[in-house]
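Trainee: Mind having a look at this structure? Questions to follow.
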Amino acid sequence: MVFNIAIVGSGPAGFYAADALLRSGIPVQVDMFDRLPVPFGLVRHGVAPDHQKLKSVTAVFEQIADHRNFSFVGNLDVGRDVRVSQLQAAYHGVVLATGAMSDRPLGILGEELSGSVSATELVGWYNGHPDFRDKSFDFSHPSAIVIGNGNVALDVCRVLAKSADELRRSDICEHALEALAASKITDIYVIGRRGPAQAKFTGKELREFGDLEEAQPFVDPAELQLDEASTAEIASSPSASKNLEILRGFAQRQETPAKRKRIHFRFLLAPSSIQGKGTVERVEFETLRLSGQAGSQTTSATGERVLIPAHLVVRSVGYRGTSISGVPFDERSATVLQQEGRVIDGHGNPVPGLYVAGWIKRGPSGIIGTNRACAIDTIDSLLADLKTTECDVRDISRELFFASLRGRSVKLIDFQGWRRIDALERANGAAKAKPREKLTRVAAMLKASEQSLA
Ligand code: NAP
């Protein structure tokens, strides 16, 4: 007997879950569903366009997809086109790996003003996510603010700071390249609400700012002065210590007048309001101080306020998971309720046959590889349950489930269809000396999935 398992979401957690199942030694058929016609989730639509090396993990995912017991089912929105309960009825196990598709709000006055945008929107737009394709951003003013001190904030800042020539070598989408090439932004402020010792970004990403064609980093040495507790934190964190070393290097650099863009790293500033008449004109910050023991310092306001003028504010303060219809969800952490990867109801009882992996399980943290261990843990639980529960408790067969889909107007895309899209994107990219030129509209993806390149 073959166990049929559905995976919802084709990002890293979904593919690592598929891999764990296919390597488990038990007979399985894995069907991976995605609401878009194209796979790879955040690797395609989240990883920065100039970080091609990080995207090379898709070669691993392609190999997983080559397994004869694997199917990709693109262009099917689980929750909208089919309910999770329909999958549960047809599969021995359903693994939700939908990631964190939304963003955390700041909850301050003026957040809704035009020109105040989330990193989710901006990143989705320059990476060609169909949901964000038609967004527009105003790059016509000299100053922009990026709020947050994580790696996404650095990605956004770098894309805003790079020259058109630098961006042209990446797989940034044409519409975004065109808009950014005309950008008038000269000053980008990257704002952390805590100090340099507590920044969440990593050295490899931070170091890149020392090496940009037309932008240079600025740090006020006074903001790198550490209190005793932060000094102790740095001493026990190689990552924080590397960040500090790089920031100190930036602080000592001589200004290069030929570089027309400046990136200002600022710390201990908490946004209190975004201000302007209809559109963003400035952001008000309160300056903070740290106090307490190393590792558990808290911030308090000093009473001083700082105004930074800007017409673009990018809120990059973390992604947020979105609930899936019919699945128990904790609004506070924006994750699915779970224990060891088993979805649980509000009373703590496991929901039979329903599992969760990746960011929608544990929140938006870690690097791509972190999702491998996370998915393996979930699949361990699923495999243990398959051994102990009755073997075939499904209401309908997988075949019947697909037959029910064929009766609708939904056009499903298989991995061959994706390969045709991929081939076209690579060919379009090669013509411009880029790794790929992505299709950014679902209709174009569907069309390309049917056509082979001559
Ligand atoms: P993150 O690493 O959690 O950083 C979020 C940042 O937002 C933190 O600096 C946080 O400050 C700040 N923040 C939160 N609420 C705030 C508020 N109300 N006001 C001001 N600042 C606030 O999230 P992320 O940057 O979105 O990254 C998500 C994950 O993807 C991370 O694990 C990241 O490493 C990973 N990623 C990796 C790469 C890469 O490897 N190159 C690239 C992109 C993303 P506090 O620390 O004070 O909370």
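Just so it is clear, none of the values below were taken in a lab; they were calculated from the coordinates. What you see is a predicted model, and the numbers here were worked out from it, not measured in a lab. Here Cβ is always computed from backbone atoms with ideal geometry, including for glycine, and neighbour counts include all displayed protein chains.
Trainee: Is there a quick way to get the dipole size of segment 312-454? I mean about its Cα centre, with the Cβ of Lys and Arg at +1 and of Asp and Glu at -1; what is the value in debye to the nearest 20?
Mentor: On the way: 22 positive and 16 negative charges, 205 e Å.
Result for segment 312-454 is approximately 980 debye, rounded to the nearest 20.
Trainee: Then there's this: Using Cα centres only, tell me the gap between segment 28-64 and segment 154-178 in whole Å.
Mentor: Taking the Cα centre of each part, segment 28-64 and segment 154-178 sit 21 Å apart.
Trainee: Turning to a different aspect of this structure: Relative to the compact globular guide of 2.2 N^0.38 Å, what is the alpha carbon radius of gyration of segment 105-315, as a ratio?
Mentor: Details: Rg = 17.0 Å, N = 211, 2.2 N^0.38 = 16.8 Å.
Compared with the compact-globule rule of thumb, segment 105-315 sits at 1.01.
Trainee: Helix-only mean residue ellipticity at 222 nm, the chain, DSSP H runs n ≥ 4 weighted -39,500 (n - 2.57), per residue, nearest 500. What is it? Numbers along the way, then the final one.
Mentor: Details: 17 runs with 150 residues, N = 454.
The helix contribution divided over the chain gives -9000 deg cm²/dmol.
Trainee: Could I ask something else about it? Which of the lysines could a cross-linker bridge to Lys447, judged by Cα under 20 Å and excluding same-chain residues fewer than eight apart?
Mentor: Answer for Lys447, where 20 Å is the Cα cut-off: Lys411, Lys438, listed by chain and number.
Trainee: Let me know the Rg and Dmax you get for segment 190-268 when you use only its Cα atoms, in Å.
Mentor: Gyration radius and largest Cα-Cα distance of segment 190-268: 12.5, 39 Å.
Trainee: So between Ser114 and Ile367, what do we pick up on full extension, going 0.36 nm a residue minus the alpha carbon distance? Mind dumping the intermediate values first?
Mentor: Values: separation 253, 0.36 × 253 = 91.08 nm, distance 3.17 nm.
Extending this stretch completely gives an extra 87.9 nm.
Trainee: Which of rounded, prolate or oblate describes segment 63-139 when judged by the alpha-carbon gyration tensor and an a/c cut-off of 1.5?
Mentor: On the way: a/c = 3.10, a/b = 2.04, b/c = 1.52.
Prolate is the answer for segment 63-139, as a/c is 1.5 or above and a/b outweighs b/c.
Trainee: Write down the Å³ per residue value for the convex hull defined by the alpha carbon atoms of the chain. Provide the component values of the computation, followed by the final result.
Mentor: Numbers: hull volume 71.8 nm³, N = 454.
Value for the chain: 158 Å³ per residue.
Trainee: Could you order peptides 184-192, 233-241 by the average number of other Cβ atoms within 10 Å of their residues, highest first?
Mentor: Details: 184-192: 21.2, 233-241: 15.7.
By packing density, highest mean first, the sequence is 184-192, 233-241.
Trainee: Under a Cβ-only charge scheme (Lys and Arg +1, Asp and Glu -1), can you give me the dipole magnitude of segment 87-162 about the Cα centre, in debye to the nearest 20? Before the final figure, lay out each step's value.
Mentor: On the way: 5 positive and 8 negative charges, 52 e Å.
In total the dipole reaches around 240 debye.
Trainee: Could you give the dipole magnitude of segment 168-212 about its Cα centre, charging the beta-carbon of Lys and Arg +1 and that of Asp and Glu -1, in debye to the nearest 20? Don't skip to the answer; put the middle values down first.
Mentor: On the way: 8 positive and 7 negative charges, 64 e Å.
Rounded to the nearest 20 debye, it is 300 debye.
Trainee: Arg68 to Lys411: extension gain in nm, 0.36 nm per residue of separation minus the Cα-Cα distance? Don't skip to the answer; put the middle values down first.
Mentor: Values: separation 343, 0.36 × 343 = 123.48 nm, distance 2.20 nm.
That pair, Arg68 and Lys411, stretches by 121.3 nm at full extension.
Trainee: Ordered by packing density, taken as the mean number of other Cβ atoms within 10 Å over each peptide's residues, highest first, how do 364-370, 302-308 rank?
Mentor: Numbers: 364-370: 14.9, 302-308: 12.3.
Result, highest mean first: 364-370, 302-308.
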